[in-house]
Amino acid sequence: MICCRHDHYARSQGGDHGFEVDGARVRYGRGVLAELGAAAKALRITRAAVFVDPDLRDAEFVETALRSLRAATVDTALYTAIAVEPTDRSFQDAAAFAVDGKFDGYISIGGGSTMDTAKAADLYASHPAPFMDYVNAPIGGGKPIPGPLRPHIACPTTSGTGSECTGVAIFDYLEMRAKTGIRARELRPALGIIDPDVTKTLPSMVVACSGFDVLSHALESYTALPYSQHVRAKGVPRPLYQGANPYSDVGCVNALSILGAHIVRAVHDRQDDEARERMLFAAMLAGIAFANAGLHLPHAMSYAVSGLVREYRAPDYPAGEALVPHGMSVVLNAPAVFRYTAPSCPERHLEAARLLGADVRDAGLDDAGEVLAARISELMRATGIPNGIGAVGYTSDDLDALADGSFPQKSLIDNAPRETSREKLRELYAAALRYW
């Protein structure tokens with residue numbers, strides 16, 4: 001079915017008749033990190049677990065945050081055992097720390113890994129349960145969280161995940177060598193404190209990977225199956241990922257426009273304060289958008305790409321085991337995916353290409369997928385992202401394992417605008433081996 005813009009939200013038979021706006025509370029601007037102590041006090045936090053990315057422990061802005069908490073007489077305990085890509089094991093270690101500490105609030109200062117680790121610690125300390133109970137089905141039990149968590153103030157330091165705006169915590173499930181997560185409104189931080197000054201020292205590849213995560217958040221939310229075509233049983237609450245809707249569209253459109261104009265500048269010039277500030281703002285917008293609309297195939301496919309990597313390790317990341325960073329694992333799939341999804345709504349795909357800076361004056365709707373894929377590939381080349389999943393070590397021999405690893409991401413796959421089988425996932429991975 002073609003669902004062009006004018007009837008994108010036309011209700012299909014059995015589809016939902018409405019959507020729900022679940023807003024994030026954020027404080028944004030240069031220097032606002034110094035207000036952390038006052039914010040914690042306002043939330044009645046007296047003893048806080050402070051989760052800090054270990055590579056940032058000695059950063060000046062971390063000391064600013066800790067000084068602010070001390071000035072507000074908030075008792076703190078620091079936790080820095082954050083994995084670059086969290087695992088079920090690292091989440092459980094953090095939860096044990098949280099249970100022992102008897103905290104009444106949580107602070108996270110770092111990227112998505114740090115914020116997600118704090119979310120998990122808060123959850124399992126607030127509502128103890130066997131670890132897999134809250135993990136997304138079908139891998140975990142998918143049980144609802146029985147009540148509110150303790151207040152969590154999230155302070156992002158990368159212009160990427162938008163985790164300060166979402167009720168999602170992602171981790172590597174070691175037994176399956178695949179990513180999964182926990183998704184619930186209760187996980188959304190009570191407050192996000194977003195200070196653009198913290199991104200000044202980020203290395204180029206970290207900026208690129210986090211930036212492409214933002215790009216995919218916005219693109220996937222904008223092109224997701226519309227909320228009006230999601231079938232919801234009577235009396236069942238709307239899911240966190242409810243499909244594209246007019247509210248999420250606002251964040252997507254603005255985030256894509258910012259990214260198209262600033263991602264290359266932000267990657268290549270760490271002195272370009274304007275570009276890096278705009279990237280962080282785009283991350284916030286896209287985070288709010290996908291928290292209400294949800295993601296689809298690039299993210300569903302990314303979890304196997306990062307989970308099954310053998311030898312590749314991205315530059316500018318700490319030395320250690322093989323690593324395809326999350327944002328990189330997402331965008332490596334994106335050109336192939338958006339060629340596939342474009343026929344579901346070509347106008348939206350073409351508009352997304354235009355927002356990202358592509359010249360679409362001579363393009364027709366039949367060209368939408370190619371134009372969008374070409375623009376994403378152009379931005380990848382310009383920022384040093386590898387040329388497809390083949391460039392990070394995958395071959396045609398890995399296609400079955402990759403498809404098997406991503407197929408359990410049912411909620412993401414079902415949010416795509418086209419039905420996607422396991423065999424289609426295999427075809428998309430094959431198309432993503434190389435782009436140029």
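Test of understanding: ordering Lys41, Lys179, Lys234 by Cβ neighbours within 10 Å, fewest first, what list do you get? Write down the numbers at each step before the final one.
Numbers: Lys41 16, Lys179 26, Lys234 4.
Exposure proxy ranking, most exposed first: Lys234, Lys41, Lys179.
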Which length gain, in nm to one decimal place, applies between Asp104 and Asp316 when the Cα-Cα distance is subtracted from 0.36 nm times their residue separation?
72.8 nm
Considering the chain, what Rg and Dmax in Å follow from its alpha-carbon atoms?
20.3, 63
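For a quick check of your reading of the filter: which trypsin sites (Lys or Arg not before Pro) in region 77-120 sit in a DSSP loop and have no more than 11 other Cβ atoms within 10 Å?
Numbers: sites: Arg89, Lys102, Lys119; in loops: Lys102.
Those that pass, being in a loop and sparsely packed, are Lys102.
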Only Cα pairs under 8 Å and at least 6 apart count here; give the relative contact order of region 1-152 as a rounded whole percent.
22 percent
Any idea what the relative contact order of region 67-169 is, in percent, if you count C-alpha pairs under 8 Å spaced at least 6 apart?
28 percent
Expressed as an acute angle from 0 to 90° and rounded to the nearest 10, what is the orientation of the C-alpha long axis of helix 273-293 relative to the principal long axis of the chain?
80 degrees
Give the relative contact order (percent, whole number) for the chain; include only Cα pairs under 8 Å separated by 6+ residues.
17 percent
Where does each of Phe171, Phe61 land when they are ranked from fewest to most other beta-carbon atoms within 10 angstrom?
Phe61, Phe171
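For the chain, what does -39500 (n - 2.57) per DSSP helix run (n ≥ 4), summed and divided by total residues, give at 222 nm, in deg cm²/dmol to the nearest 500?
Numbers: 15 runs with 185 residues, N = 436.
-13500 deg cm²/dmol, from helical runs alone.
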What angle do you read, to the nearest 10 degrees and between 0 and 90, between the alpha-carbon axis of helix 112-126 and the longest principal axis of the chain?
60 degrees
In angstroms, what radius of gyration and Dmax does region 31-194 have, counting Cα atoms only?
14.6, 46
C-alpha long axis of helix 297-307 to longest principal axis of the chain, angle in °
60 degrees
Gain in length, Ser204 to Asp58, computed as 0.36 nm per residue apart minus the alpha-carbon separation, to one decimal in nm?
50.6 nm
Treating region 100-248 as a set of equal point scatterers at the Cα positions, no solvent, please give the Debye-formula log₁₀ I(q)/I(0) at q = 0.18 Å⁻¹.
-1.24
Place +1 on the Cβ of every Lys and Arg and -1 on the Cβ of every Asp and Glu in the chain, take the dipole about the Cα centre, and give the residue among Pro325, Tyr312, Leu149 whose Cα lies farthest towards its positive end.
Leu149
Here the net charge surrounding Gly140, from other residues whose Cβ is less than 10 Å away from its Cβ (Lys, Arg +1; Asp, Glu -1), is -1
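By its C-alpha gyration tensor, with a ≥ b ≥ c as the square roots of the eigenvalues, how is region 271-407 shaped: rounded for a/c under 1.5, else prolate for a/b larger than b/c, else oblate? Show your work: numbers first, answer last.
On the way: a/c = 1.69, a/b = 1.25, b/c = 1.35.
Since a/c reaches 1.5 but b/c is at least a/b, the shape of region 271-407 is classed as oblate.
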Which far-off residues, 5 or more places away or on another chain, put their amide H under 5 Å from the one on Thr76, with H placed in the peptide plane?
Ala48
Can you give the net charge of the other residues whose Cβ lies under 12 Å from the Cβ of Val52, counting K and R as +1 and D and E as -1?
-3
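Which trypsin sites (Lys or Arg not before Pro) in region 275-365 pass both tests, a DSSP loop state and at most 14 other beta-carbon atoms within 10 Å? List each step's numbers first, then the result.
Working: sites: Arg276, Arg278, Arg310, Arg313, Arg339, Arg348, Arg354, Arg361; in loops: Arg310, Arg361.
In loop regions of region 275-365 (DSSP not H, G, I, E or B), the sparsely surrounded trypsin sites (Lys or Arg not before Pro) are Arg310, Arg361.
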Qualifying lysines (Cα of each under 19 Å from Cα of Lys179; at least 8 residues distant if same chain)
Lys119, Lys143, Lys410
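Most exposed first by the Cβ proxy, i.e. fewest other Cβ within 10 Å, how do Glu175, Glu20, Glu274 rank? Working shown, then result.
Details: Glu175 8, Glu20 15, Glu274 11.
Fewest to most other Cβ atoms nearby, the residues stand as Glu175, Glu274, Glu20.
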Report the net charge of residues surrounding Leu323, where surrounding means a beta-carbon distance below 14 angstrom and charges are Lys +1, Arg +1, Asp -1, Glu -1.
-2
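We did not get these values from a lab; they are worked out from the coordinates using the rules stated. The model shown is predicted, which means the values in this text are computed figures rather than measured ones. Cβ sites come from the backbone with ideal geometry, for glycine too, and all protein chains shown count toward neighbours.
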